[in-house]
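In what follows, a structure is listed as structure tokens, so that the remarks can point back to it.
Each value in this text was obtained by applying a stated rule to the coordinates, not by laboratory testing. Predicted, not measured: the structure shown is a model, and the values here were computed from it. Backbone-built Cβ (ideal geometry, glycine too); neighbour counts: all protein chains shown.
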Amino acid sequence: MTYRFSMWITAVLMLTACYPRPASALEVRVDCSRRLPEIRPLHGVNNGPLNYGETIDLSDYFRELAIPSARLHDCEWPNPDVVDIHAVFPDMTADPALPESYTFSRTDDYVKAIIETGTAIVYRLGESIEHSKKKYNVNPPEDPRKWAQICLGIIRHYNRAWADGFRYNIKYWEIWNEPENRPTMWTGTDEQFDTLYTTAAKAIKAEFPHLMVGGPSAGAQGKLVAGKMEPWPFLKKFFEACKAQNAPLDFFSWHTYTNDPYLYVTKARAIRKMLDEFGFEKTEIHLNEWNYLPDDDWTPLGLRKEGIVKKQWFDRIAGPEGAAFLACVLIYLQDAPVDVANYYAGDTNWFGLFGRYGQPRKNFYAAKAFKMLLDTPLRVKAFGAEPGKSAICAGLSQDQTELTILISNLRSSDKQFRLTVENFAEKEKVNWSLCRVDVQNDLNQIRTGVLDPPTIELNEVVEAPSVVLLRMKKARIE
């Protein structure tokens, strides 16, 4: 006889001790018999664990999250002294063939700290963003061929041990960042960037054919019309230049900041179609900058918005809203054609997972909840989420004795979740625990108990914005 295990969990944050039970609820169902592709570790970040001249070291947190990849852009911003071309090769009149032309030391320490956490690297060849009125390093290099040779020297150093270097086998090498974002990231023309990219990409691929070369880290991709991406003129010319010059585009990198977490899925699918139409069917898709944009409004970041307005804006990004948004996106991306994703940022950057003194913020705990979901990677079918408002993902352990369910309630009007889990246990009792991230909790364990099949009902309270992590483990039958 087949037994069916069902469990009901209602989740809404109690405003008072006598808060009435909601009349309606979001009906969510998890069926452990319906398998999906494994949960993918798409919780990469931008930047590494060393911050503020190594006065803050986040390495233990990187290990705790098991961050899959770190993209190196805006490292130690706003005064980058590592990674950027100007930091590694300070004298553009020097000879890129000579080891003494490079100042690798600081960047060596920065990169080594990342490698030692087990995190892979996406090395951005170029410069960090410059919001200052005067632009110092985001100007087009005078000699693209020489610039390409500098890039080759950096790759040799980190992958071939050249110039007292290393053999890190860094796979991904990205050329520049948001060249359409002018003048903060590029002061030249479309044609100047296309020349820089094609020259450097071909040179890298010629010497290192096994590496993945890509870009252009497009912050603006085009116009979405009925699920189709109509590329902006800059991007169209970039694709055409790559084709005309037979330049590699092993991965296409793009950025989006929004308050709609499902937009990443819509865009990724449209970008896949766009790349295919331009003949880049084998090109990987890298969403290597993304984060929550409160109210879809960049205004508070402006230079004239100092003080409380700017602080409140960043508090929303790092707080419960941003945490619920982060969890939603990581769940949605499981069904999107994205190969690599990197949250901006994983350090003490204003947009980061950590505060000025290295303290974890709410968005860190949402990332940690996703990592705990990854510990049970055998994804099973979950029903009932509202795209753009809530998200659910569930996974079994390899031995199928544990089940983890991650629920993110970003802005669902239904405060209550009624969750039914099917086909997990037969006769076994099930030990369970529930943690959440919200205004009051940092992935704290709220309650625990034992479930006794076939039917158990629990009442729990979680109001948007919040993240809920439910873990269940079959009890051993004596």
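One table, with the values for the structure above:
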item: The range 346-478: translational diffusion in µm²/s, Stokes-Einstein, Kirkwood Rh over Cα pairs, 20 °C, 1.002 mPa s; result: 135
item: Intensity falloff of the chain expressed as log10 I(q)/I(0), Debye formula with alpha-carbon point scatterers, at q = 0.07, 0.08, 0.12 Å⁻¹; result: -0.39, -0.51, -1.05
item: Loop-resident sites, the range 237-335, for trypsin sites (Lys or Arg not before Pro), counting at most 15 other Cβ within 10 Å (DSSP); result: K282, R304, K305
item: Q398 versus I115: modelled label distance in nm, points set 7 Å from Cα along the beta carbon direction; result: 2.7
item: Under 19 Å from K310, Cα to Cα: aspartates and glutamates that are on another chain or at least 8 residues apart; result: E130, D295, D296, D297, E321, D347
item: Low-density loop cleavage sites - GluC sites (Glu not before Pro) in the range 205-291, where at most 16 other Cβ are within 10 Å (DSSP); result: E281
item: Cleavage-rule hits, GluC sites (Glu not before Pro), the range 18-119, DSSP coil, Cβ neighbours within 10 Å at most 14; result: E38, E54, E116
item: Crossing angle, helix 263-277 versus the chain [Cα axis fit, 0-90 degrees, rounded to tens]; result: 50
item: The range 32-86 pair-distance distribution - Cα-Cα, 10 Å bins, rounded %; result: 20, 40, 23, 10, 6, 1
item: Set of the range 161-190 residues, backbone N closer than 11 Å to the point 7 Å along the Cα-Cβ line of K135; result: 179-190
item: Computed FRET value (nearest 0.05) for R476 with D31, which takes r as the C-beta separation and R₀ as 30 Å; result: 0.80
item: Sorted by Cβ density within 10 Å, fewest first, the residues D438, D194; result: D194, D438
item: Cut-off 16 Å (backbone N to label point 7 Å along Cα→Cβ of L224), residues of the range 287-319; result: 287-297
item: Amide H contacts under 5 Å for G44, placed H, 5+ residues apart; result: S69, A341, Y343
item: Listed residue (N431, S408, Q245) projecting farthest to the positive dipole end of the chain, Cβ model; result: N431
item: Overall dimensions of the range 276-319 by Cα: Rg and Dmax, Å; result: 16.7, 48
item: Amide H within-cut-off set for K228, under 5 Å, with H built and near neighbours excluded; result: none
item: Karplus-derived 3J(HN,Hα), 6.51/-1.76/1.60, for each residue of the range 131-137, Hz, glycine and proline x; result: 7, 5, 4, 8, 9, 10, 10
item: Partners for K473 among lysines (Cα-Cα distance below 20 Å; same-chain residues under 8 apart left out); result: K368, K371, K381, K427, K429
item: Whichever aspartates and glutamates have a C-alpha closer than 15 Å to that of K282, once near sequence neighbours (fewer than 8 apart) are set aside; result: D250, D339
item: Amide proton proximity set for E422, modelled H, under 5 Å, gap of 5+; result: V30, D31, C32
item: Phi-based couplings in Hz for the range 437-452 (Karplus 6.51, -1.76, 1.60; Gly and Pro marked x); result: 10, 7, 4, 9, 10, 10, 6, 6, 6, 8, 8, 9, x, 10, 9, 10
item: Virtual paramagnetic centre 7 Å along Cα→Cβ of A244, amide N under 18 Å, in the range 272-298; result: 278-280
item: Alpha-carbon centroid distance for the pair the range 381-451 / the range 47-126, whole angstrom; result: 38
